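Report on one structure; see the data block that follows.
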Amino acid sequence: MASPRLQLFLLGLGTLGVPLDTATNIAFPAITAAFAIPLEDIQWVVICYVLTHAGLMLGVGRVGDLFGHARVFRLGLAWSAIAYLLCAAAPSFGALIFCRFLQGIGAALILSCGPALATSLFPESRRARVLGAYAAMLAVGAALGPSAGGILVQEFGWSAVYWARTPAMLLALALLRLPPSRPTCGRPAFDLPGACLLALALSLLLLALNRLKGLLDGDLLALALALASLGAGYACVRWERLTPSPVLDLKVFRQGPFAFLSLANVLLNLAGFAVMLLVPYYLARFAALPWYQAGFVLALSPFGSMLAAPLAGRLLARTAPYRVAFGGGGILALGLGLIAAWGSEASLPSMAAALVLHGIGAGLFQVAYLEHVTATMPRADRGVAGSLANVTRTMGVVTGASLLMLLFRSVQSSGPGGDAGFLAGFASTFGAAAALCLAVVLLAAWLGRRR
């Protein structure tokens, strides 16, 4: 087999298309104009994709554990390459939404098995550093998305944010020489009912979170979706406790700080999403930067994560994941607090420092959490472990998109209006996000002291 480092690079190249989906957000105005759709309909480009990959990921991770991570990952590369081309060639908005559903399937296939394959390339003693390097490559994609997407849309139109990712998928598919799949003898049966119930519960929950804003207007759909999600979740838990080979063994949540770290992953990603949600509007309103410079400023946060991920891998070689995770949470709280204090005339260095700190904190926590999940769950469940880390992160992002915007709009509407109202909502939202991170860190410290 080729050099493990080269294979890790190619694995990251194949995974790169997923975090590069941040480029899609830049293309929203062009997509809206191309298909002549109402502005509010553009949300389905995101919802359909997120619901698909989040709902399927744990089940697909289990498929990888049973049938071989390399097979599932290769299928994901081929599937995604085709899905990107179909998205780019969509003749109507309805067709684009269906192709985004197909793209979500490809993302689930890739993300669920990527971490498991990365750790399989090296000895277990190097697991934390390998996960740090893999996370750094994901951060590269997130950093490139906004700026690269703007250039692609300007030069080639909205379809370029999709078809431009296909060559990387095909190159990784052609050059990857992954470890052989697990032997099939003695393999337990795949828990299809559990996977379906889990996907249904997660999809209904994410839809309910997306509809939270409508509750203030008397829209009870969010409540109905939440109740349906609870029903599906209860049925899933009952089934998973009875079946001999569950998709996710719920007993793992009783081990040490596993459950608390998983909840913290939701909450810190909820708070951290304030940057991608509101900072673009701040830059457009107060920074007076050309579009490409604004894209580079926004990319400083994932750039900070890219710097922090390999550092986290080295720290985890001699420090407990719990400490690295909540050290990162404290840095994340600091970055969010500094953003809350920007005001109307924040300097470029102060904006850059706050965004890089935000990214460093998020990167440290994410790698430490992934290491803890991977170390706690059996090695045979590496696909499920990587999927759980991604699913809890997605839940935080979707919740943040609803709750943070709800808080921002509420403060803005009750303020003086104009720039002053925007700044009041901006400061309050980031202040609340920083307070949430700090509360999680302090609770973690208290729990750690009790243990």
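The values are calculated or read from the model by the stated rules, or taken from the named source; none is laboratory data. The shown structure was predicted, so the numbers you read here are calculated from the model rather than taken from an experiment. As a convention, Cβ positions derive from the backbone with ideal geometry for all residues, glycine included, and neighbour counts pool all protein chains shown.
Being among the aliphatic types (A, V, I, L, M) and touching a Leu at 6+ places or on another chain (Cβ under 6 Å), is that true of even one residue in segment 126-148? Before you say what the answer is, go through the steps one by one.
So the first thing to find is which residues in segment 126-148 are among the aliphatic types (A, V, I, L, M), and the list is 128, 130-131, 133, 135-140, 142-144, 148.
Narrowing further to those that are touching a Leu at 6+ places or on another chain (Cβ under 6 Å): 128, 131.
For segment 126-148, residues among the aliphatic types (A, V, I, L, M) and touching a Leu at 6+ places or on another chain (Cβ under 6 Å): present.
Filtering A70, A81, A54, A33 for residues that are free of Cβ contacts under 8 Å to residues at least 12 places away in the same chain and either buried (at least 20 other Cβ atoms within 10 Å of the Cβ) or assigned to a helix (DSSP H, G or I) (or both) leaves a single hit, A33. Taking the conditions exactly as written (at pLDDT 85 or above and part of a helix (DSSP H, G or I)), does G17 satisfy them or not? Criteria not met by G17. Only residues that are in contact with a helix residue (DSSP H, G or I) (Cβ under 7 Å, 6 or more places away or on another chain) and either among the small types (G, A, S) or closer than 20 Å to L111 by Cα (or both) were counted across segment 22-36, and they come to 5.
Quick one: which of A88, A136, A108 is among the aliphatic types (A, V, I, L, M), farther than 17 Å from Y49 by Cα and either touching a Pro at 6+ places or on another chain (Cβ under 7 Å) or in contact (Cβ under 8 Å) with a residue 24 or more places away in the chain (or both)? Quick ask: steps written out before the conclusion?
Values: A88 fails: farther than 17 Å from Y49 by Cα; A108 fails: farther than 17 Å from Y49 by Cα.
Answer to the selection: A136.
Somewhere in segment 314-324, is a residue among the small types (G, A, S) and buried (at least 19 other Cβ atoms within 10 Å of the Cβ)? Walk me through it before giving the result.
First, the residues of segment 314-324 that are among the small types (G, A, S): 317, 320.
From the residues that got through so far, the ones that are buried (at least 19 other Cβ atoms within 10 Å of the Cβ) too are none.
No: segment 314-324 contains no residue that is among the small types (G, A, S) and buried (at least 19 other Cβ atoms within 10 Å of the Cβ).
Rundown of residues vs (1) touching a Lys or Arg at 6+ places or on another chain (Cβ under 9 Å); (2) surrounded by 21 or more Cβ atoms within 10 Å (Cβ to Cβ); (3) in contact (Cβ under 8 Å) with a residue 12 or more places away in the chain, yes/no style:
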| residue | (1), (2), (3) |
| --- | --- |
| L242 | no, no, no |
| F253 | no, no, no |
| G256 | yes, no, yes |
| F260 | no, no, yes |
| G272 | no, yes, yes |
| M276 | no, no, yes |
| L283 | no, no, yes |
| L289 | no, no, no |
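Determine which member of the set A30, A54, A70, A2 is aliphatic (A, V, I, L, M), out of contact with any Gly (no Cβ under 6 Å at 6 or more places or on another chain) and modelled with pLDDT of 85 or more.
Details: A30 fails: modelled with pLDDT of 85 or more; A54 fails: modelled with pLDDT of 85 or more; A2 fails: modelled with pLDDT of 85 or more.
Only one candidate passes the filter, namely A70.
P123 - would you say it is surrounded by fewer than 21 Cβ atoms within 10 Å (Cβ to Cβ) and more than 26 Å from Q7 (Cβ to Cβ)? The answer is no for P123.
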